[in-house]
1. Considering only protein heavy atoms and a probe of 1.4 Å, how much of the accessible area of the stretch 127-223 is carbon and sulfur, as a whole percent?
2. How long, wide and thick is the stretch 31-110, going by the Cα atoms along their three principal axes, in whole angstroms, largest first?
3. So which trypsin sites (Lys or Arg not before Pro) in the stretch 157-223 end up in coil per DSSP with only 16 or fewer other C-beta atoms within 10 Å?
4. For the pair residue 37 and residue 210, what calculated FRET efficiency results from E = 1/(1 + (r/R0)^6), where r is the Cβ-Cβ distance and R0 = 41 Å, to the nearest 0.05?
5. For the stretch 46-177, what D do you get in µm² per second when you plug the Kirkwood radius from alpha-carbon pairs into Stokes-Einstein at 37 °C and 0.692 mPa s?
6. How much length is gained if the chain between residue 99 and residue 179 is pulled fully straight, taking 0.36 nm per residue apart and subtracting their Cα-Cα distance, in nm to one decimal?
Amino acid sequence: MTSTAPDGVPPPEDGGEAARRDPRAARSEQTLAAVVETALQLAIEGGLQAVSFGEVARRLGISKSGAFVRTGSQAALIGLVLDEYDRRFMAEVFQPALAEPRGMPRLDAIVRRWLAVGQRRDAINGALYAFSAFEVRAQDSPWRGRLQQGVSGWRQVIERAVREAVEEGHLRPDTDAVEVAFAINALMFGHMHDFRFLDEERVHERTAEVYGRLMSTYRRVGA
């Protein structure tokens with residue numbers, strides 16, 4: 001996750017002044033964006049292991065070297081893919097929720113938007129992280145640290161929302177923000193599993209119901 005989370009989402013790249021002056025630079029920026037977008041779709045469809053310069057080039061109709069030269073290595077391309085994945089997730093889920101009042105309204109909005117995004121099958125709902133966790137191994141994956149960073153960043157956003165709910169008097173003073181963030185994250189990953197693997201028809205409603213019961217155990221009396 002980028003260093004701007006959770007307070008802001010980095011603005012889209014505009015190619016810079018050089019790109020505006022030099023049409024070749026602009027085309028290069030456009031090609032890089034297309035390479036990252038295509039690689040992201042490959043990751044969504046088949047996991048990070050499915051990302052290859054050969055397949056990216058084939059889908060874009062360019063040479064393999066033309067795809068490779070934009071990033072220089074598969075590890076760099078994976079990093080760009082995960083950065084874009086994080087940016088979109090922030091833009092669709094966390095950033096809009098920040099417009100809600102502090103406390104439970106904001107935390108509820110995060111979960112509600114996460115579930116809404118999860119009803120689509122484009123995987124911009126954390127599924128890439130969930131599934132990639134089973135692809136990587138500590139001893140041989142260059143992406144493990146980056147994946148851990150992304151998941152930790154998401155949990156920190158949730159933890160902060162929980163702490164704000166405690167500060168606003170919506171949740172009990174003894175509420176453990178780390179524990180609640182863990183439970184919400186586990187619930188959402190279970191939602192992804194059942195939606196994508198078991199094709200459960202009521203998984204969205206069931207997840208919302210379980211979330212409601214979970215938070216009721218932490219609510220402050222009278223809040």
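1. Here carbon and sulfur together make up 53 percent of the probe-accessible area.
2. 50, 21, 20
3. Passing sites in the stretch 157-223 are 202, 220.
4. Values: r = 34 Å, r/R0 = 0.84.
Efficiency, rounded to the nearest 0.05: 0.75.
5. The diffusion coefficient I find is 196 µm²/s.
6. Numbers: separation 80, 0.36 × 80 = 28.80 nm, distance 2.46 nm.
Length gained, residue 99 through residue 179: 26.3 nm.
The values are calculated or read from the model by the stated rules, or taken from the named source; none is laboratory data. Just so we're clear, the structure is a prediction, and the values are computed from it rather than from any experiment. Cβ sites come from the backbone with ideal geometry, for glycine too, and all protein chains shown count toward neighbours. The accessibility values were calculated without ligands, DNA or RNA, using every heavy atom of the protein model including side chains. Shrake-Rupley method; radii C 1.70, N 1.55, O 1.52, S 1.80 Å.
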